[in-house]
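Undergrad: Structure provided below as structure tokens; questions to follow.
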Amino acid sequence: MPQNLIRYQTKPDEADANSKLVRAVYAELHRDRPDGFRYATLRLEDGVTFVHIALSERDPSPILAVKAFGEFQAGIRDRCAEPPIAQAFTEVGSYRFFGG
């Protein structure tokens, strides 16, 4: 199962706009409910750092078919002070987090 963690920092004046775009992605996900896909976004205490965690049972990931995700991605580099860095990860352990 592909698992990715993506981390980036927005420019301070772009953080709220970024959050709004992310919320639109979740609205579409909740409406369309793609199977085999889990996704979480965190905004860290500094207010400008975002972390996305994506787990997909399919490749390519269903997130790529989400229109709002395409809109979110379209201007991400312009909103960022530090561009997104994606890293694959392997779960070592969790408690009621990944649903496994």
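Undergrad: Restricting to the stretch 40-88, name every residue that is touching a Lys or Arg at 6+ places or on another chain (Cβ under 6 Å) and either over 14 Å from Arg7 (Cβ atoms) or of a type in the set (Ser, Thr, Tyr) (or both).
TA: Residue satisfying the conditions is Leu55 alone.
Undergrad: Sticking with this one: Output the number of residues of the stretch 1-39 satisfying the condition of being at pLDDT 95 or above, over 13 Å from Val66 (Cβ atoms) and either in contact with a His (Cβ under 9 Å, 6 or more places away or on another chain) or acidic (Asp, Glu) (or both).
TA: So the count comes out to 7.
Undergrad: Another question, then. Give all pairs with beta carbons closer than 6 Å in which a residue from the stretch 67-90 that is within 20 Å of Tyr26 (Cα to Cα) meets a residue that is at pLDDT 95 or above and part of a helix (DSSP H, G or I); count only pairs at least 6 apart in sequence or on separate chains.
TA: Ala68/Ala24; Ala68/Val25; Ala68/Glu28; Phe69/Val25; Phe72/Leu21; Phe72/Val25; Arg79/Glu14; Arg79/Asn18
Undergrad: Within the set of pairs 6 or more residues apart or between chains, which connect a residue that is closer than 15 Å to Gln73 by Cα and touching a residue at least 12 places away in the same chain (Cβ under 8 Å) inside the stretch 1-12 to a residue that is surrounded by 14 or more Cβ atoms within 10 Å (Cβ to Cβ) and aromatic (Phe, Trp, Tyr) with Cβ atoms less than 9 Å apart?
TA: Once the first residue is closer than 15 Å to Gln73 by Cα and touching a residue at least 12 places away in the same chain (Cβ under 8 Å) and sits in the stretch 1-12, its partners that are surrounded by 14 or more Cβ atoms within 10 Å (Cβ to Cβ) and aromatic (Phe, Trp, Tyr) give Ile6/Phe50; Arg7/Phe50; Tyr8/Phe50; Gln9/Phe50; Thr10/Phe50.
Undergrad: For the stretch 23-41, how many residues are crowded, with 17+ Cβ neighbours inside 10 Å and of a type in the set (A, V, I, L, M)?
TA: Adding up the residues that qualify gives 2.
Undergrad: Look through Gly47, Gly70 and report the one residue that is surrounded by 12 or more Cβ atoms within 10 Å (Cβ to Cβ) and assigned to a helix (DSSP H, G or I).
TA: Selected residue: Gly70, the only one of Gly47, Gly70 that is surrounded by 12 or more Cβ atoms within 10 Å (Cβ to Cβ) and assigned to a helix (DSSP H, G or I).
The values are calculated or read from the model by the stated rules, or taken from the named source; none is laboratory data. Bear in mind the structure is a predicted one, so any value in this text is a computation, not a measurement. All Cβ positions, glycine included, derive from the backbone under ideal geometry; neighbour counts span all protein chains shown.
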